[in-house]
Amino acid sequence: MPDIQTEQSFDKKSLPGHAKVVIIGGGVVGCSILFHLAKFGWKDVVLLERDELTSGSSWHAAGQIHTISSDPNISRLQSYTIDLYKEIEELSGHSVGLHITGGFYAASTPEWYDYLKRERSKARYMGLSQEFISPKELAERHPLIDPKHYHAALWDDQDGDLDPSGATYAFAKAARVHGAQYFTHTPVVETNQRPDGSWDVVTAKGSINAEMIVNCGGLWGREVGHMAGLHLPVQPMEHHYLITEEIPEIATRDTRLPAGIDYEANIYFRQERTGMLLGTYEPKSTPWMVDGVPWEFGHELLQPDLDRIAARLEMSFERIPAIGRTGIKDIINGPFTFGPDGNPLIGPVPGVKNYWVAVGVMAGFCQGGGVGLTMAEWMIDGEPSIDVWAMDVARFGDWASPDWGTVKSSENYERRFVMTFPNETLPKGRMQKTTALYDRLVARGAVMDQSFGLENAQWFAEGPDNAHEVPTFERNRSHDYVAREINAVRTSVGGIEIANFAKHEFKGDGARAYLDKTLAGFVPKPGRLTLTPMLTPKGRLYGDLTVACLAKDHFVLFGSGAMQEAHRRWFEKELPDNVTYTNVSDDWHGIALSGPKSRDLLARICRDDISGGTFRFRDVRQAYVGGVPVILNRISFSGELGYEIYCRPQYLLRLSEAVETAGADLSYRWYGARALMSMRLEKSWGAWTLDYRPDFTAAESGMDVFINWKKDFVGKDAALAERQKGPARKLVTLVIDVDGIDVSGDEAILKDGAAVGYVSSGGYAHRVKKSVAMGYVITSTSNPGTKLQVEILGKMYSAEVQGAPLYDANGANMRD
Ligand SMILES: Cc1cc2nc3c(=O)[nH]c(=O)nc-3n(C[C@H](O)[C@H](O)[C@H](O)COP(=O)(O)OP(=O)(O)OC[C@H]3O[C@@H](n4cnc5c(N)ncnc54)[C@H](O)[C@@H]3O)c2cc1C
């Protein structure tokens with residue numbers, strides 16, 4: 001047994017003057033990060049806790065653990081978390097009270113059954129142990145359940161419950177075994193950055209100078225953030241669960257009941273001693289301490305309000321009648337912190353050097369281990385081993401204000417067990433950011449959605465009265481409208497707003513050399529554009545960017561709007577003195593014109609000669625269009641002849657008027673993101689966060705064709721090694737033999753019944769009238785013509801790997 005020092009001996013120790021990392025907050029998340037950093041070799045790490053460990057939300061959690069999450073990589077990390085508990089228990093000698101009983105997700109409606117079929121499909125390629133069981137089997141495994149309410153249940157072997165306090169202490173003590181330190185009753189009162197980028201972490205017991213700090217303040221995550229001038233968009237929420245008196249049927253069992261979730265009833269439940277524990281996410285949430293959590297709040301609970309959960313309780317009595325017959329022993333109402341989309345906010349904060357966060361972790365006992373692993377990898381290796389975009393703090397920018405955070409976190413709390421369909425747009429926190437075209441496009445029938453805070457058109461109905469979506473897993477209401485938009489682009493000319501693309505500006509003597517090193521592809525000459533991957537040192541994709549060279553020392557990079565703060569963080573990390581960099585995404589809005597008549601339209605409103613021979617494919621120039629100054633790119637993501645016209649936001653309305661007027665007799669039509677996403681599928685072009693992401697390499701994604709192998713660039717060694725060995729998997733385009741439904745992402749791809757990959761994106765391809773998916777499959781199944789199957793809502797459909805883009809394979813249209 002390793003030698004663990006006693007609490008007393010540690011309490012007597014004084015704070016060190018310096019540490020590599022100081023973690024603020026000793027809940028399950030902070031303790032897990034401490035453990036992982038020390039385990040991976042960073043011993044000079046210190047955790048400071050205001051009170052006792054667990055003194056935020058960790059001590060009163062219900063302790064239910066499961067693997068299912070809407071994001072597959074979070075599911076993987078949840079599975080890792082559950083597996084880790086045995087290790088920390090053994091290492092620390094502190095019981096985590098773990099019961100791996102198995103658990104189930106019960107489907108009481110056909111829609112929930114469909115939802116679970118999608119989850120089952122994901123589990124296939126992730127290698128998670130999940131299977132469907134019938135209502136009869138469900139009742140055998142959990143005899144207190146009334147099976148008549150259910151169509152089926154998805155069973156997961158890994159689920160169960162634990163003792164939350166025990167788990168937190170086990171992490172902390174296991175961290176000590178690995179050489180880390182923690183100090184309780186040591187509230188941090190200030191965090192002050194020194195000019196060298198390190199931080200002074202101030203407490204009443206003294207200050208520690210830290211190379212990096214991690215805000216794991218949990219319930220006080222916002223307040224700890226304020227100490228560094230940060231306003232994190234997270235919000236503590238009140239949450240109820242109850243514990244029943246003894247239930248005779250349980251008291252007489254010799255095995256523990258499995259854990260369960262019933263989505264429609266919105267309840268989770270498990271055995272607690274000889275009774276049951278049952279919790280629910282109220283339909284009307286109660287944000288707690290919106291204006292700030294008092295520092296004095298200790299091991300206290302909130303006043304329960306059974307009226308808020310009465311309807312849910314009634315439903316639970318129908319589904320688990322024994323609960324209705326039994327008295328309630330305890331009602332817990334405790335606060336815990338939610339993020340705007342329900343996922344944690346972790347990683348280095350863009351724009352604040354050496355400041356890391358791990359806040360908004362709303363399922364700390366399912367996710368804490370994975371968050372700790374990821375944070376430690378990121379801090380020590382410079383990048384996590386899997387793509388954690390779904391948790392990256394950089395997915396929110398300064399538009400994610402505290403008010404917006406409260407509204408969205410509340411929405412997410414209420415929707416914790418509410419289904420979100422692939423075509424659904426969530427209603428709260430909307431119009432946070434709009435462009436000058438918002439009213440105009442809505443008047444034209446736009447159905448809007450929000451991306452990185454900014455409203456953008458998804459598709460266009462006949463008019464505003466008709467602009468709504470009907471949530472479904474099947475082909476949705478937008479189908480025929482999108483077909484109409486694509487037809488306009490294919491035969492004439494369409495326009496799409498492009499304010500939501502990111503724009504990054506580089507200036508200075510060193511700009512070309514910096515970009516040459518940072519980007520794997522070619523950096524263009526003045527007046528030209530190139531497309532290039534950007535790789536991490538380990539050779540993973542970290543961007544697919546269009547580079548415009550406006551002058552020899554002046555470049556603008558166009559890329560994923562959602563990634564703009566993550567890219568900013570990347571670019572600012574090692575920027576030389578002779579380069580200035582600015583994220584100018586909000587400074588350039590614009591319109592992309594696409595279609596065979598786009599040149600005719602543009603020629604009518606542009607003073608320059610833009611004939612094919614003069615303004616060639618991949619040319620860029622600064623010009624006047626519609627009477628306003630613009631950056632004009634001859635490039636296209638639709639696969640048709642096309643131009644991107646970027647103007648300052650104050651000129652956008654003027655530009656749009658010019659476009660609409662000039663296009664009136666050319667059958668000009670606005671189109672939205674859905675049409676664009678359909679058209680790019682036919683060209684086999686990936687989209688960032690879906691097909692292109694740090695889970696994959698340049699060779700796997702096919703982006704290696706854009707690499708300039710003759711130069712030195714970040715990630716070259718790894719990319720070369722892979723080039724010699726060959727990629728283990730490849731991104732392919734599949735045509736699926738299916739009607740009435742398309743993939744929506746994350747479906748399993750199979751060969752002869754065995755999972756060989758998964759769908760990264762897909763949908764209906766209107767120009768070629770086929771159902772198409774892009775996805776990663778093991779290399780041996782990636783050859784053109786290979787026959788595979790894709791699982792959609794539990795059914796297997798035949799699919800075939802394509803050898804060339806489905807539409808205009810040699811790109812003649814856009815080069816015209
Ligand atoms: C009623 C209820 C039921 C739940 N059920 C489950 C469940 O079944 N399964 C599950 O996975 N999750 C559950 N949760 C959620 C879970 O409790 C949280 O996800 C988890 O506790 C978050 O841990 P944390 O470390 O991020 O935050 P916290 O536990 O809040 O820890 C933050 C710590 O930081 C300390 N701190 C703050 N400011 C400072 C400072 N200035 N200086 C020093 N220290 C500071 C605090 O004292 C605290 O100890 C439940 C939560 C509640 C309320």
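The values are calculated or read from the model by the stated rules, or taken from the named source; none is laboratory data. Because the structure is a prediction, the values reported are computed rather than measured. Reconstructed Cβ throughout: ideal geometry from the backbone, glycine too, with neighbour counts over all protein chains shown. Just so you know, the surface numbers come from the protein's heavy atoms only, side chains and all, with ligands and any DNA or RNA stripped out. Shrake-Rupley method; radii C 1.70, N 1.55, O 1.52, S 1.80 Å.
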- Task: Specify the residue that is farthest from the chain's Cα centre (by Cα); the eligible residues are those in region 215-231 that are more than 8 Å from the ligand (Cβ to nearest atom) and open to solvent by less than 10 Å² (accessible area, probe 1.4 Å).
- Result: GLY225
- Query: Only one residue in ILE24, ILE33 is more than 8 Å from the ligand (Cβ to nearest atom) and modelled with pLDDT of 95 or more. Which one?
  - Reply: ILE33
- So, in region 314-339, of the ones that are in contact (Cβ under 8 Å) with a residue 60 or more places away in the chain and hydrophobic (A, V, I, L, M, F, W, C), which residue ends up farthest from the ligand (Cβ to nearest atom)? ALA322
- Inspect all residues belonging to region 150-168 and state whether any of them is closer than 23 Å to SER79 by Cβ, open to solvent by 10 Å² or more (accessible area, probe 1.4 Å) and among the hydrophobic types (A, V, I, L, M, F, W, C). yes
- Could you grab me the full set of residues in region 171-204 that are out of contact with any Gly (no Cβ under 7 Å at 6 or more places or on another chain), within 14 Å of the ligand (Cβ to nearest atom), of a type in the set (A, V, I, L, M) and open to solvent by less than 10 Å² (accessible area, probe 1.4 Å)? ALA175, VAL201
- Task: Would you mind finding the one in VAL584, VAL630 that is touching a residue at least 60 places away in the same chain (Cβ under 8 Å) and either open to solvent by 50 Å² or more (accessible area, probe 1.4 Å) or not small (Gly, Ala, Ser) (or both)?
- Result: VAL584
- Selection within region 587-620 - basic (Lys, Arg), in contact (Cβ under 8 Å) with a residue 60 or more places away in the chain and surrounded by fewer than 18 Cβ atoms within 10 Å (Cβ to Cβ): ARG618
- Message: Looking at region 374-386, can you tell me whether even one residue there is open to solvent by 30 Å² or more (accessible area, probe 1.4 Å), more than 16 Å from the ligand (Cβ to nearest atom) and closer than 30 Å to GLY97 by Cβ?
- Response: yes
- Task: Return the pairs, sorted by first residue and then second, in which the second residue is more than 15 Å from the ligand (Cβ to nearest atom) and not in a helix (DSSP H, G or I), the first residue lies in region 21-47 and is open to solvent by 10 Å² or more (accessible area, probe 1.4 Å), the beta carbons are less than 7 Å apart, and the residues are 6+ apart or on different chains.
- Result: LYS39/HIS178; TRP42/LYS20; LYS43/GLY179; LYS43/ALA180; ASP44/LYS20
- Task: State whether one or more residues within region 408-424 are in contact (Cβ under 8 Å) with a residue 60 or more places away in the chain, of a type in the set (Ser, Thr, Tyr) and open to solvent by 30 Å² or more (accessible area, probe 1.4 Å).
- Result: yes
- Item | Considering residues of region 63-84 that are open to solvent by 10 Å² or more (accessible area, probe 1.4 Å) and among the small types (Gly, Ala, Ser) only, the residue farthest from the ligand (Cβ to nearest atom) | SER70
- Task: Please indicate, with yes or no, whether at least one residue in region 340-352 is out of contact with any Asp or Glu (no Cβ under 7 Å at 6 or more places or on another chain), within 30 Å of PRO143 (Cβ to Cβ) and either at pLDDT 95 or above or away from the ligand (no atom under 14 Å from the Cβ) (or both).
- Result: no
- Inspect region 52-60 for any residue being open to solvent by less than 30 Å² (accessible area, probe 1.4 Å), within 12 Å of the ligand (Cβ to nearest atom) and in a strand (DSSP E or B) and give the result as yes or no. no
- Message: Could you check region 396-407 and list, in sequence order, the residues that are open to solvent by less than 20 Å² (accessible area, probe 1.4 Å) and within 17 Å of the chain's Cα centre (by Cα)?
- Response: GLY397, ALA400, GLY405
